[in-house]
Ligand code: AMP
């Protein structure tokens, strides 16, 4: 594709100057596709990752209509973490350097309130912040958003992952209807569409990659003896080392047994089946979806509600009796255009089921030999994250921003090291990177969250 120069856009002259000064010659694909709509005032939902030039796209959009002589908050950018907010603020400042008197303020958790309050009194034109802290200022009535003309949700999928949905909706309810709303997200989970439907008006939908790839699944079948099922399952995981694996069993009892067996091999496996209490189920799903556990052993029924993107592998511990169920199971990998792996174990007595699958899928099964499976010496397969359990939740008026703030305030843990935050009525879960797990536990158990002490522990 021939990229278009910024000169093709009807931009205010100051912006053309700063773009040239920054050395941006041509537009990136995301900029080329979004800017004409952003400049014409349309709402927009765009698929864009870090590195795509998305920040400059929405920054140019909001700066092009900014009136520096009018002293009120005209633009609000919400970001999931302080680090991202700082980067976004820096990019907007660079582009705004040629527009005199433009005032931008970042409002993030983990920073003292005093200086933020002082800066807010000087009516910044642009606010870049994290949802928890922005909401706090709204509640204190130190921030007024009624006249916001541009609202940007950056990395919206990550904000939802971190549990900011309610905060975001509350913030948006404070803005006027005439605003232009743009939403940038690397992935499109269901929650994104729901937010878009609620807060946007006929948004232009821009996806850089086509999302309707036919699933690209490598499917292999392993013939085994009845008594080696568990051993071969372990070997498959050790050999392929998928980042996340869903193991399907046909019965509840099997699920628990298989998960226990894998844990004996020092693998982080959890069982999901109908005998779990609701809170246990929430806990298992939270750990798996936040990458604090990389293997989930489930029945078909229990796995139904599981909403996990990018499942690297599906393993059938036993073939399903129903070929349609089999196809449904393996279709859970290779979503969103990534390559998936589907591995199935079967014994002699299941050969009829295998035949039914071959007929149903219209192609012969590719058989693989267990002798090719290699278990590396010193196998260490730890999930990237650990979940911290907090014995307080929504009913204790706890918000995701409070947990994020408590963890990052001392500067020892960065926002980037924190994963999904999930709040229930009485408990909360925060995923943190393995290497800061102990530190996170110490910070949360020794310190206070929202001025109070709560019981916390690591879920291993
Ligand atoms: P982002 O995806 O917003 O994180 O931006 C990635 C990087 O690309 C940032 O360092 C920007 O300064 C830079 N950038 C943005 N737009 C352009 C452009 N049109 N040409 C060259 N670099 C750009």
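The values are calculated or read from the model by the stated rules, or taken from the named source; none is laboratory data. Owing to the predicted nature of the structure, the values given are computational and were not obtained by experimental measurement. Positions of Cβ are generated from backbone atoms using ideal geometry, with glycine treated the same way; all protein chains shown enter the neighbour counts.
Does residue 141 satisfy the condition of being part of a loop (DSSP other than H, G, I, E, B), more than 23 Å from the chain's Cα centre (by Cα), under 17 Å from residue 179 (Cα atoms) and in the same structural domain as residue 28 (by TED's automatic domain parsing)? It is false that residue 141 is part of a loop (DSSP other than H, G, I, E, B), more than 23 Å from the chain's Cα centre (by Cα), under 17 Å from residue 179 (Cα atoms) and in the same structural domain as residue 28 (by TED's automatic domain parsing).
Buried (at least 20 other Cβ atoms within 10 Å of the Cβ), at pLDDT 95 or above and more than 28 Å from the chain's Cα centre (by Cα): does that describe residue 124?
So residue 124 passes the test.
Of the residues 376, 364, 384, 400, the single one that is within 22 Å of the chain's Cα centre (by Cα) and closer than 30 Å to residue 230 by Cα is 384. Only residues that are exposed (fewer than 12 other Cβ atoms within 10 Å of the Cβ) and over 30 Å from residue 454 (Cα atoms) were counted in the stretch 376-395, giving 4. In the set (1) away from the ligand (no atom under 12 Å from the Cβ); (2) modelled with pLDDT under 95, residue 84 fails one condition alone, (1). Restricted to the stretch 1-81, the set of helices (runs of 4 or more DSSP H) holding at least 2 residues that are more than 12 Å from the ligand (Cβ to nearest atom) and either within 27 Å of the chain's Cα centre (by Cα) or crowded, with 23+ Cβ neighbours inside 10 Å (or both) comprises 29-39, 54-64.
What number of residues within the stretch 412-449 satisfy the criterion of being over 27 Å from residue 278 (Cα atoms) and in contact with a helix residue (DSSP H, G or I) (Cβ under 7 Å, 6 or more places away or on another chain)? Step through it out loud before you land on a result.
Our first condition is that a residue be over 27 Å from residue 278 (Cα atoms); within the stretch 412-449, this holds for 412-417, 435-436, 438-439, 442-443, 446-448.
Checking the rest, the ones that are also in contact with a helix residue (DSSP H, G or I) (Cβ under 7 Å, 6 or more places away or on another chain) come to 412-417, 436, 443, 447.
Summing the residues that are over 27 Å from residue 278 (Cα atoms) and in contact with a helix residue (DSSP H, G or I) (Cβ under 7 Å, 6 or more places away or on another chain) in the stretch 412-449 gives 9.
Is at least one residue of the stretch 314-328 within 21 Å of residue 387 (Cα to Cα), in contact with a helix residue (DSSP H, G or I) (Cβ under 9 Å, 6 or more places away or on another chain) and surrounded by 17 or more Cβ atoms within 10 Å (Cβ to Cβ)? No. Contact map, the stretch 47-60: residues that are assigned by TED's automatic domain parsing to the domain that holds residue 35 and at positive phi paired with residues that are part of a helix (DSSP H, G or I) and more than 7 Å from the ligand (Cβ to nearest atom), Cβ distance under 8 Å, separation 6+ or inter-chain. Pairs shown: 53/30. For the criterion of being over 30 Å from residue 398 (Cβ atoms), out of contact with any strand residue (DSSP E or B) (no Cβ under 7 Å at 6 or more places or on another chain) and either in the same structural domain as residue 313 (by TED's automatic domain parsing) or at pLDDT 90 or above (or both), residue 205 fails. Annotation note: of 217, 171, the sole residue that is surrounded by 15 or more Cβ atoms within 10 Å (Cβ to Cβ), in contact with a strand residue (DSSP E or B) (Cβ under 8 Å, 6 or more places away or on another chain) and modelled with pLDDT under 95 is 217.
Residues in the stretch 175-186 that are farther than 13 Å from residue 150 by Cα and surrounded by fewer than 22 Cβ atoms within 10 Å (Cβ to Cβ): 1 in all. Pairs are defined by a Cβ separation below 6 Å, a sequence spacing of at least 6 or placement on different chains, a first member in the stretch 144-155 that is more than 14 Å from residue 172 (Cβ to Cβ), and a second member that is modelled with pLDDT under 95 and assigned to a loop (DSSP other than H, G, I, E, B); the pairs so defined are 155/80.
A quick yes/no check of all residues on (1) over 25 Å from residue 415 (Cα atoms); (2) under 23 Å from the mean Cα position of the chain (by Cα); (3) outside the structural domain of residue 37 (by TED's automatic domain parsing):
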position: 105; (1), (2), (3): no, no, no
position: 117; (1), (2), (3): no, no, no
position: 149; (1), (2), (3): yes, no, no
position: 164; (1), (2), (3): no, yes, no
position: 176; (1), (2), (3): yes, no, no
position: 186; (1), (2), (3): no, yes, no
position: 192; (1), (2), (3): no, yes, no
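Test residue 341 against the criterion of being outside the structural domain of residue 239 (by TED's automatic domain parsing), at pLDDT below 95, surrounded by 14 or more Cβ atoms within 10 Å (Cβ to Cβ) and within 35 Å of the chain's Cα centre (by Cα), and give yes or no. Against the criterion (outside the structural domain of residue 239 (by TED's automatic domain parsing), at pLDDT below 95, surrounded by 14 or more Cβ atoms within 10 Å (Cβ to Cβ) and within 35 Å of the chain's Cα centre (by Cα)), residue 341 does not qualify.
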